[in-house]
Amino acid sequence: MGVYLVSIGADEWFGDEEDGWGEVASALNAELRQRGLPPYEDVPPETDFAPGSGQAFEEKLTPSMTGFLALCETHLSQEESETLCGWSVLVPLSLDEEIWLPVESGDYESMVAGAPQVLPLAEKLAAAIELPPETPATCDNLDLSMWFRDQAKELATTRTGLWVMDLDTAFYVALFLRAAQHSIRRGCPIICA
């Protein structure tokens, strides 16, 4: 099984079914209203899968995060690190701080972060390790995982930069970077499931 970061469409976001996120969506909108912000209702529908289209996001968190967490400690404050990689729900809204929802999703509370706040943190790490421009921009179906498993290893033999020192760390930098970019571009939530 494992842990995945996946984008979801309106039906699943607002759904009341067992695997739906309706309870989280409702709790988030209540919290946004309490803060004087508009509710998050403009969620795009899920689209049919089309490889390379950039319409969906799905990646599995399989490599070790040890190097990535050390990179975060070096380049980010503790608060920034928590914003970058502590969320269970990422939304394309600008949030001045994370929102903790008293809604169980799995075995933990849902921490909602804003993609506009996550993106500059991921960009900072990408610049620090000199993430190569060849890193896939879309992650429809484990595209990053497969790229780091195959092409990145080949590219690392001819390229320089800190990213070649630890491909697992580079994978997580790219993962959080692309997740934030996808959420903003598509206007959709990304969940950790």
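Quick notes on this one:
- Here residue 129 clears all of (1) over 28 Å from residue 22 (Cα atoms); (2) open to solvent by 60 Å² or more (accessible area, probe 1.4 Å) except the condition numbered (2).
- Qualifying positions in region 14-49 - under 20 Å from the mean Cα position of the chain (by Cα) and under 26 Å from residue 136 (Cα atoms): 43, 44, 45, 46, 47, 49
- Candidates are the residues of region 150-193 that are over 19 Å from residue 84 (Cβ atoms) and touching a Leu at 6+ places or on another chain (Cβ under 9 Å); the one that is most open to solvent (accessible area, probe 1.4 Å) is 153.
- Remark: residue 58 matches the filter, which requires a residue to be open to solvent by 30 Å² or more (accessible area, probe 1.4 Å), under 29 Å from residue 170 (Cβ atoms) and of a type in the set (D, E, K, R).
- Note on region 173-193: residues that are more than 13 Å from residue 136 (Cα to Cα) and in contact with a helix residue (DSSP H, G or I) (Cβ under 8 Å, 6 or more places away or on another chain) total 6.
- Close pairs (7 angstrom Cβ cut-off, 6 or more residues apart or separate chains): without any contact (Cβ under 8 Å) to a residue 24 or more places away in the chain and more than 13 Å from residue 46 (Cβ to Cβ) in region 12-27, open to solvent by 80 Å² or more (accessible area, probe 1.4 Å) and part of a loop (DSSP other than H, G, I, E, B) anywhere: 22/16
- From 136, 38, 92, residue being touching a Leu at 6+ places or on another chain (Cβ under 8 Å), open to solvent by less than 60 Å² (accessible area, probe 1.4 Å) and not aromatic (Phe, Trp, Tyr): 136
- Meets criteria (open to solvent by 80 Å² or more (accessible area, probe 1.4 Å), hydrophobic (A, V, I, L, M, F, W, C) and either at pLDDT below 95 or closer than 24 Å to residue 171 by Cβ (or both)) for residue 100: yes
The values are calculated or read from the model by the stated rules, or taken from the named source; none is laboratory data. Computed from a predicted model, the values in this text were never measured in an experiment. Glycine also receives a Cβ, built like all others from the backbone with ideal geometry; neighbour counts cover every protein chain displayed. The accessibility values were calculated without ligands, DNA or RNA, using every heavy atom of the protein model including side chains. Shrake-Rupley method; radii C 1.70, N 1.55, O 1.52, S 1.80 Å.
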